[in-house]
1. Which members of segment 113-139 meet the condition of being under 21 Å from ALA23 (Cα atoms) and in a loop (DSSP other than H, G, I, E, B)?
2. Could you tell me whether ARG160 is among the basic types (Lys, Arg) and farther than 24 Å from GLY116 by Cα?
3. Which residues, taken from segment 40-68, are part of a helix (DSSP H, G or I), under 16 Å from the mean Cα position of the chain (by Cα) and farther than 15 Å from ASP137 by Cβ?
4. GLU247: closer than 23 Å to VAL80 by Cα and part of a helix (DSSP H, G or I), yes or no?
5. Would you check if VAL28 is surrounded by 20 or more Cβ atoms within 10 Å (Cβ to Cβ), in a helix (DSSP H, G or I) and at pLDDT 95 or above?
6. Among the residues of segment 246-277, how many are crowded, with 23+ Cβ neighbours inside 10 Å and out of contact with any Ser or Thr (no Cβ under 6 Å at 6 or more places or on another chain)?
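The values are calculated or read from the model by the stated rules, or taken from the named source; none is laboratory data. All values derive from a computational prediction rather than experimental measurement. Cβ coordinates were reconstructed from backbone atoms using ideal geometry, including for glycine residues, and neighbour counts include every protein chain displayed.
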Amino acid sequence: MSFEFVQKLPTPAEMKEQFPLSAKLHKVKEERDALIRKVFTGESDQFIAIIGPCSADNEDAVCDYINRVAKVQDKIKDRVIIIPRIYTNKPRTTGEGYKGLLHQPDPEKKPDLFEGVLAIRKLHMRAISETGLTPADEMLYPENYRYLSDVLSYVAVGARSVENQQHRLTVSGMEVPAGMKNPTSGDLSVMMNSVVAGQMGHTFIYRGWEVKTDGNELTHTILRGAVNKHGQSLPNYHYEDLRRLYEMYQLRNYKNPACIVDANHSNSNKQFKEQIRIVKEVLHSRRHDPDIAGLVKGVMIESYIHEGSQKVGDHVYGCSITDPCLGWEDSERLLYEIADSL
């Protein structure tokens, strides 16, 4: 019935001092951030593909996957910017199950947050070093963002976190695009309010400090589908949904109106193969309507080396231990099809 203080974690400043990003990799990130920023501001018509495992559970398999992605990126870089999805924090609906590399560097052992903080920074830095691709991660804990603030080029706020004040305020201090998902209820006004909050400056408590932020003009929306009172999935990627979102953006003076469509979760009813069809439908809507083309900046895809999912302990290399993912062959083909359709 009380807190047990297990171990004191290093501060983000201590972690960055011990495991610094090299000048070379810092330059890589600056260049990538500038390219991605131009997509969200409308200066570039490139399309963004945020793609990778549901959860980054194994460093070697994740880096193997991202090296494959990097080869595709080289061939389509004039049309598509690929942001590897390296999600090291996993929200769980009931609180049960694997919570990500941060909690359990080894999914078969007990949680160890100290080793987890080391593991997530090491993984992100290795991915950039080997591929030159700067990653995306989900912000499950706002206070942990600073551990990775110098390596991430994209941050997502999940459906269960988007109403949380501390998540919104932390986003306001970021310098990279931050996507706010619609809540599981599907109420788009909640998501739009979170964008307003993220784009504004604030003064608040963060990691024991009074901090002040200027606002993040790259805060935007992510459509991920919803669930009704009967537990049935309600997709929101169709043309009518995208038109509605466009019209909601027109009601207020948002900076850089933008949307990413999450092809999995409640949009696919977690039927991972449906992601292929959903992405193609979104691309068709963009071609059909210039307003939607200007609004929808990219898609989010759950993908790994082997398709589907497995249980913790099954030891299938490169297969998700959380939600099922597209396999590599389908993913590679889809990335080329995205580029060819633009």
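1. Within segment 113-139, GLY132, LEU133, THR134, PRO135 qualify.
2. No.
3. Of all residues in segment 40-68, those part of a helix (DSSP H, G or I) come to 40-41, 59-68.
After this cut, where a residue has to be under 16 Å from the mean Cα position of the chain (by Cα) as well, the list is 40, 62, 66.
Of everything in segment 40-68, just one residue is part of a helix (DSSP H, G or I), under 16 Å from the mean Cα position of the chain (by Cα) and farther than 15 Å from ASP137 by Cβ, namely PHE40.
4. Spelling it out, it is not the case that GLU247 is closer than 23 Å to VAL80 by Cα and part of a helix (DSSP H, G or I).
5. In short, no.
6. Of the residues in segment 246-277, 10 are crowded, with 23+ Cβ neighbours inside 10 Å and out of contact with any Ser or Thr (no Cβ under 6 Å at 6 or more places or on another chain).
Residue-wise test of (1) among the polar types (S, T, N, Q); (2) crowded, with 21+ Cβ neighbours inside 10 Å; (3) modelled with pLDDT under 95.
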position: PRO84; (1), (2), (3): no, yes, no
position: THR93; (1), (2), (3): yes, no, yes
position: LYS110; (1), (2), (3): no, no, yes
position: ARG121; (1), (2), (3): no, yes, no
position: GLU130; (1), (2), (3): no, no, no
position: TYR154; (1), (2), (3): no, yes, no
position: GLU163; (1), (2), (3): no, no, no
position: ARG168; (1), (2), (3): no, yes, no
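Okay, residues lined up against (1) modelled with pLDDT of 95 or more; (2) surrounded by 15 or more Cβ atoms within 10 Å (Cβ to Cβ); (3) part of a loop (DSSP other than H, G, I, E, B):
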{"residue": "VAL279", "(1), (2), (3)": "yes, yes, no"}
{"residue": "VAL282", "(1), (2), (3)": "yes, yes, no"}
{"residue": "ARG287", "(1), (2), (3)": "yes, no, no"}
{"residue": "VAL299", "(1), (2), (3)": "yes, yes, no"}
{"residue": "GLU302", "(1), (2), (3)": "yes, yes, no"}
{"residue": "ILE305", "(1), (2), (3)": "yes, yes, yes"}
{"residue": "GLY313", "(1), (2), (3)": "no, no, yes"}
{"residue": "TYR317", "(1), (2), (3)": "yes, no, yes"}
